[in-house]
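I have placed the structure first, in the form of structure tokens, so that the comments after it can refer back to it.
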């Protein structure tokens with residue numbers, strides 16, 4: 001009997017769907033980990049040290065989406081007997097949201113919509129150009145894995161040239177090493193951050209990097225807030241040093257309890273909400289109602305493999321971070 | 001000496017740019033037509049009957065962008081000695097804005113941004129899905145000329161299949177006749193209207209057509225408001241019969257005088273501004289500060305050709321309407 005415990009919020013229909021897809025040799029439980037008897041696999045957004053230390057049978061943790069928190073990578077290194085997996089089902093939604101944020105920022109969709117709802121046909125402030133053309137520009141994609149390459153396809157469809165920056169560039173002409181970033185940033189019309197959050201990438205984009213971007217640059221972050229320095233990003237936008245940004249990932253998150261309460265919880269120490277050149281998105285790039293059945297199906301496939309004694313896919317390399 | 005008169009608002013730097021590009025044999029004037037002596041070519045957004053009747057030397061009108069008003073087509077037919085031209089420089093900006101409106105509507109970018117600025121991390125109303133996935137869906141493009149085909153490239157980059165509907169479909173598999181619309185509408189995830197406003201296309205999309213769209217459809221109009229029936233569009237969105245719409249072209253426009261006053265001027269008799277599933281854009285798809293030099297350069301090329309006695313490009317067929 002393979003015992004699997006889920007401790008992240010799952011809609012009742014998803015839970016029923018998962019149950020129906022699991023083979024008979026799997027027993028599923030849910031709720032707080034602490035009170036539960038031992039289990040083999042834990043499905044969780046962010047495991048605690050207690051979760052890992054308190055369950056001697058535990059041999060694998062599955063983070064049920066693509067992004068693994070940096071704290072989880074650090075924690076898991078202390079438990080080498082437990083494998084870490086993720087579930088990269090949300091590549092399509094994340095890439096599509098990145099492109100939506102890019103275009104919304106480049107066209108000032110939100111401020112024009114808000115003013116026009118009050119009957120005004122012109123933009124404000126009047127001296128800010130109403131849009132940046134992406135066609136013919138360079139899309140600089142930081143993090144050129146599966147999400148980055150999917151974004152690249154969309155950018156090419158918009159008529160952009162594409163350069164992908166990654167730790168280990170492949171032989172393709174468009175792939176560059178991280179060391180090339182200072183030479184590439186001044187050429188970027190779109191600068192899209194979509195690499196994993198690791199010790200190496202934390203704060204990778206600071207004041208110096210942002211200063212290298214041209215005045216008509218549009219930046220997007222769908223990776224993790226901590227990769228881009230909070231104060232530097234705020235000041236760059238505040239001073240209109242770049243044209244605009246579309247930001248899905250932030251600096252201050254509500255706890256699970258605060259989420260349930262539903263009270264306002266500002267995502268930064270800085271008043272990004274006062275800026276007209278940022279599109280604010282509440283960390284939802286990777287989520288899609290339509291993809292939920294696919295996510296559950298993939299999770300079931302992983303668990304069924306484990307029940308058969310086969311290796312589960314999507315093992316995360318704790319040092320690399322993805 | 002070729003005499004050219006411009007009576008649409010032109011920024012001083014654009015005017016100077018145009019002057020500098022014209023060959024010596026061209027004399028340029030501007031302002032109200034009535035008070036002006038005779039001229040050969042009139043550059044105007046919308047000529048009046050007086051403009052056309054009052055200038056016997058006049059042999060060509062240039063509408064200095066892509067969209068020719070239906071009233072202009074009708075009027076020009078009464079003056080067969082005067083040729084009508086347009087200036088389709090703004091294909092790129094229009095197509096890019098169409099894709100921006102499509103993605104903004106499909107991802108509910110505006111309502112999420114507005115709520116998140118007040119600190120709320122969740123969408124509202126809670127029972128409305130937060131997004132529609134375009135990847136894998138069908139983009140149905142009504143009007144498959146240069147703008148439509150440019151939009152098609154971007155939709156393919158997003159992973160969509162494309163069908164283009166036009167009056168005279170070419171041999172390509174993706175091109176369909178207007179008669180196929182009822183069979184195609186139920187399959188559309190994106191339905192993008194980008195055909196010219198003619199007597200044939202006026203009111204082409206009414207209640208019957210909108211009812212054929214599926215519940216997850218996202219509609220975009222960057223053509224002319226009158227192609228889509230105002231009340232039918234409002235009611236469809238109000239009832240959430242389709243997922244959302246991105247609308248750049250409207251039903252009530254401010255006059256030039258009202259524009260100068262800058263007072264609010266609602267774009268419809270219906271309160272679209274109360275709806276959370278419409279992205280409202282004040283007829284700006286075709287405009288781009290960055291493309292202004294290209295527009296002026298193209299206009300200069302047309303006028304220089306006329307000065308040499310060569311035919312000007314972009315002649316509009318008054319019966320076809322483009």
- prompt: What is the distance in Å between the Cα centres of region B:247-322 and region A:166-197?
  reply: 38 Å
- line: One decimal, nm, nearest first: from residue B:311 to the same residue in each other copy, label points 7 Å out along Cα→Cβ, the values are 6.8
field: Amide N proximity, region A:199-239 versus residue A:269 label position 7 Å along Cα-to-Cβ, cut-off under 16 Å
entry: A:203, A:207, A:225-236
- prompt: From a point 7 Å beyond the Cα of residue A:118 in the direction of its Cβ, which residues of region B:254-285 have a backbone N at a distance under 11 Å?
  reply: B:264
query: When the Cα atoms of region B:193-322 are enclosed in a convex hull and the volume is divided per residue, what value in Å³ results?
result: 149 Å³
message: Within 10 Å of each Cβ in A:23-34, how many Cβ atoms from other chains are there, averaged over the peptide?
response: 0
query: Want the number for residue A:208 to residue A:15: 0.36 nm per residue separation, take away the alpha-carbon distance, what's left?
result: 64.8 nm
statement: Given A:164-173, A:213-222, the highest-first ranking by average Cβ count within 10 Å works out to A:213-222, A:164-173
statement: Shielding of A:271-278 by other chains, given as the mean Cβ count within 10 Å, works out to 2
- request: Could you give log10 I(q)/I(0) at q = 0.11, 0.15 Å⁻¹ for chain B, computed by the Debye formula over C-alpha point scatterers of equal weight, without solvent?
  value: -0.76, -1.23
field: Cα-based equivalent ellipsoid of the protein assembly as shown: semi-axis lengths in Å, sorted from largest, via gyration tensor
entry: 52, 26, 21
task: Quickly work out the residue B:71-to-residue B:146 label distance, labels modelled 7 Å from Cα along the C-beta direction, and quote it in nm with one decimal.
output: 2.6 nm
Cα-projected label distance for residue A:1 with residue B:177, points at 7 Å along beta-carbon direction, nm: 6.8 nm
message: Test of understanding: what is the full-extension gain from residue A:27 to residue A:253, defined as 0.36 nm times their sequence separation minus their Cα-Cα distance?
response: 78.1 nm
- prompt: Going by alpha carbons, how many degrees (0 to 90, nearest 10) lie between the helix axis of B:91-106 and the longest principal axis of chain B?
  reply: 20 degrees
task: Report the equivalent ellipsoid semi-axes for region A:91-280 in whole Å, largest first, defined as the square roots of five times the eigenvalues of the gyration tensor built from alpha carbon atoms.
output: 26, 21, 16
- prompt: So how do A:36, B:301 line up by other beta-carbon neighbours within 10 Å, fewest first?
  reply: B:301, A:36
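Quick check on chain B: helices-only [θ] at 222 nm, where DSSP H runs of length 4 and up contribute -39,500 (n - 2.57) each and the sum goes over total residues. Nearest 500, please.
Values: 11 runs with 100 residues, N = 322.
Taking each H run of at least 4 residues, the total per residue is -9000 deg cm²/dmol.
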- prompt: Looking only at other chains, what is the average number of their beta-carbon atoms within 10 angstrom of each beta-carbon in A:155-166?
  reply: 3
task: Quick one: with label points 7 Å out along Cα→Cβ, list the inter-copy distances for residue A:13 in nm, shortest first?
output: 5.3
- prompt: Looking at the axis that maps chain B onto chain A, which chain B residue has the closest Cβ, and how far off is it in Å, rounded to a whole number?
  reply: B:157, 1
field: Pseudo-label separations to other copies for residue A:170 - Cα-to-Cβ vector, 7 Å, nm
entry: 3.2
- prompt: Using just the C-alpha positions of region B:21-103 as equal point scatterers, what log10 of I(q)/I(0) does the Debye formula give at each q in 0.16, 0.17 1/Å?
  reply: -0.69, -0.76
field: In degrees, nearest ten, helix B:146-157 long axis to first principal axis of chain B (Cα)
entry: 30 degrees
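Read-outs: derived from the displayed coordinates by stated rules, not from any lab. These figures come from a predicted structure and were not determined experimentally. Here Cβ is always computed from backbone atoms with ideal geometry, including for glycine, and neighbour counts include all displayed protein chains.
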